[in-house]
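Colleague: A single structure is presented below for examination.
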Amino acid sequence: MRLEKVRQKLNENGLQALLVHSAPNVFYLSGFTGTNATLLVNPHSAYLFTDFRYMEQAEKEAPNFEIVKVTADPYAAIADRVHDISVIGVEEDALTWGEFQKLQQTLTWCHFQNASDIFNKLRQIKDDQEIGLIRKAVEITDLAFAQTVAKIQPGITEEALSLELEYAQRKRGASGRSFDYIVASGIRSSLPHGVATSKKIQNGEFLTVDMGAIYQRYCSDFTRTLFLGEQSSKHHEIYHIVLEAQLAGLTALKPGVKAKDVDAAVREVIAKAGYGDYFGHGLGHSLGLEIHETPSLNTRDETILEAGMVLTVEPGIYIPEWGGVRIEDVALITKSGAEVLTQTTKQCIIID
């Protein structure tokens, strides 16, 4: 089914063939999970080029592809199969400059066009199997977070907490983390990408945890901001502004709406509260085989949202030298609105 969709896109884009280099797209199209592969797809044939190490694996995982063994240089083997082709699509973002030069030098009769958008658009709408795997990744993250919260106490370092979170996810079936966790406490919670340090977590501080699991190659993403000890009125205020904004984003998330309009609905809440200058990143992003996919929820993305898209909704307020709050859920766009897959409470978790 995916192979036929790609062939249809070839025709629509005036391409005679497509070369696929990026690991996520190789897997998406062929099912191959090895670390060395190039795909060649034309209207009538599909080839997977790999080396000796992966021949047996490729034959089992990619039954719809003819497996071609290559040595150090796959381009000669590719050239043998495109001698009558003049226009080939390539993934611009997946090729180094050196690799692209080698392609041009070997396939001198070919004209190359950027075809990255073919996969970007195909992968925007998740099928039932993909949605199921994302659900499981989200569930693993929810459960791991719940288990680890009980271990949070003043004096634990951000790095130690990050390790506990990853261990808890792996125990529940995650193959790894979908990105470098953000564990940022106190004034460091004003850093949107404040990766864990040796800083000790203390009372009277916000603690932001941004984490995600990989389950059977599909990603989850999750953020909660906790508080240790007794909150001040300002801590309470900032948290609830972000919560109100996040709920507004989830309400706005529905098919037929422009991605940028969901972002605008959230940004309006934060701006009206007087903190618009402290929310400087986009509202969210799609995820799946990669932690960041298209479309994005930001001020520029004109994509019309459709059922089957899976996106994060993650507004924040970040006040330098004071602290910050972010709340993030993963949501599936349905025919009538959005289903929030993340199940962890959004009420501020207080660690006494």
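Colleague: So Glu159 ticks every box in (1) over 21 Å from Thr342 (Cβ atoms); (2) modelled with pLDDT of 95 or more; (3) assigned to a loop (DSSP other than H, G, I, E, B) but one. Which box is left unticked?
Modeller: Tallying (1) over 21 Å from Thr342 (Cβ atoms); (2) modelled with pLDDT of 95 or more; (3) assigned to a loop (DSSP other than H, G, I, E, B), Glu159 fails exactly one: (3).
Colleague: Right, something else. Any residue in the range 20-37 that is of a type in the set (Phe, Trp, Tyr) sitting within a Cβ distance under 8 Å of a residue that is part of a loop (DSSP other than H, G, I, E, B)? List the pairs, counting only those 6 or more apart or interchain.
Modeller: Partner pairs satisfying both residue conditions: Phe27/Thr33; Phe27/Arg217; Phe27/Leu289; Tyr28/Arg123; Tyr28/Leu289; Phe32/Ala62; Phe32/Phe65.
Colleague: Are any of the residues in the range 177-191 surrounded by fewer than 18 Cβ atoms within 10 Å (Cβ to Cβ), closer than 24 Å to Phe279 by Cβ and over 16 Å from the mean Cα position of the chain (by Cα)?
Modeller: yes
Colleague: List pairs: first in the range 94-118 and closer than 16 Å to Ala17 by Cα, second of a type in the set (S, T, N, Q) and assigned to a strand (DSSP E or B), Cβ under 9 Å, 6+ apart or cross-chain?
Modeller: Close Cβ pairs (under 9 Å, with a partner that is of a type in the set (S, T, N, Q) and assigned to a strand (DSSP E or B)) amount to Asp117/Thr294.
Colleague: Go through the range 291-306 and give me each residue that's of a type in the set (A, V, I, L, M) and surrounded by 16 or more Cβ atoms within 10 Å (Cβ to Cβ). Give the steps one after another, and end with the answer.
Modeller: Just the residues of the range 291-306 that are of a type in the set (A, V, I, L, M), to begin with: 291, 297, 304-305.
Once the filter is applied, which keeps residues that are of a type in the set (A, V, I, L, M) and surrounded by 16 or more Cβ atoms within 10 Å (Cβ to Cβ), the range 291-306 yields Ile291, Leu297, Leu305.
Colleague: Okay, next question. Ala245 - would you say it is surrounded by 24 or more Cβ atoms within 10 Å (Cβ to Cβ) and touching a residue at least 24 places away in the same chain (Cβ under 8 Å)?
Modeller: Working: surrounded by 24 or more Cβ atoms within 10 Å (Cβ to Cβ): yes; touching a residue at least 24 places away in the same chain (Cβ under 8 Å): yes.
So Ala245 fits the description; yes.
Colleague: Looking at (1) of a type in the set (Val, Ile, Thr); (2) touching a Lys or Arg at 6+ places or on another chain (Cβ under 6 Å); (3) in a loop (DSSP other than H, G, I, E, B); (4) under 16 Å from Leu341 (Cα atoms), which is the only condition Ile291 fails?
Modeller: Evaluating Ile291 over (1) of a type in the set (Val, Ile, Thr); (2) touching a Lys or Arg at 6+ places or on another chain (Cβ under 6 Å); (3) in a loop (DSSP other than H, G, I, E, B); (4) under 16 Å from Leu341 (Cα atoms) leaves (2) as the failure.
Colleague: Restricting the range 104-136 to residues that are touching a helix residue (DSSP H, G or I) at 6+ places or on another chain (Cβ under 6 Å) and farther than 30 Å from Glu302 by Cβ, which is surrounded by the fewest Cβ atoms within 10 Å (Cβ to Cβ)?
Modeller: Among them, the one singled out is Thr106.
Colleague: Then there's this: May I ask you to list the residues in the range 162-171 that are surrounded by fewer than 21 Cβ atoms within 10 Å (Cβ to Cβ) and touching a strand residue (DSSP E or B) at 6+ places or on another chain (Cβ under 7 Å)? Even if it seems obvious, please write down each step before you answer.
Modeller: So the first thing to find is which residues in the range 162-171 are surrounded by fewer than 21 Cβ atoms within 10 Å (Cβ to Cβ), and the list is 163-164, 166-167, 170-171.
Within the range 162-171, just Glu166 meets the criteria.
Colleague: On the given criteria, is Ala174 touching a residue at least 40 places away in the same chain (Cβ under 8 Å), surrounded by 18 or more Cβ atoms within 10 Å (Cβ to Cβ), among the hydrophobic types (A, V, I, L, M, F, W, C) and touching a Phe, Trp or Tyr at 6+ places or on another chain (Cβ under 9 Å)? It would help to see each step written out before you state the result.
Modeller: Details: touching a residue at least 40 places away in the same chain (Cβ under 8 Å): yes; surrounded by 18 or more Cβ atoms within 10 Å (Cβ to Cβ): yes; among the hydrophobic types (A, V, I, L, M, F, W, C): yes; touching a Phe, Trp or Tyr at 6+ places or on another chain (Cβ under 9 Å): yes.
Taking the combined requirement at face value, the residue satisfies it.
Colleague: Something else about it: Return only the number of the condition from (1) at pLDDT 95 or above; (2) over 27 Å from the mean Cα position of the chain (by Cα) that His44 does not satisfy.
Modeller: Of everything listed in (1) at pLDDT 95 or above; (2) over 27 Å from the mean Cα position of the chain (by Cα), His44 misses just condition (1).
Colleague: Of the conditions (1) in contact (Cβ under 8 Å) with a residue 24 or more places away in the chain; (2) of a type in the set (Ser, Thr, Tyr); (3) more than 25 Å from Gln347 (Cβ to Cβ), Ser162 fails just one. Which one is it?
Modeller: Result: Ser162 fails condition (3) only.
The values are calculated or read from the model by the stated rules, or taken from the named source; none is laboratory data. Quantities reported herein were computed from a predicted structural model and do not represent experimental measurements. No Cβ is skipped: glycine too gets one built from the backbone with ideal geometry, and neighbour counts run over all protein chains shown.
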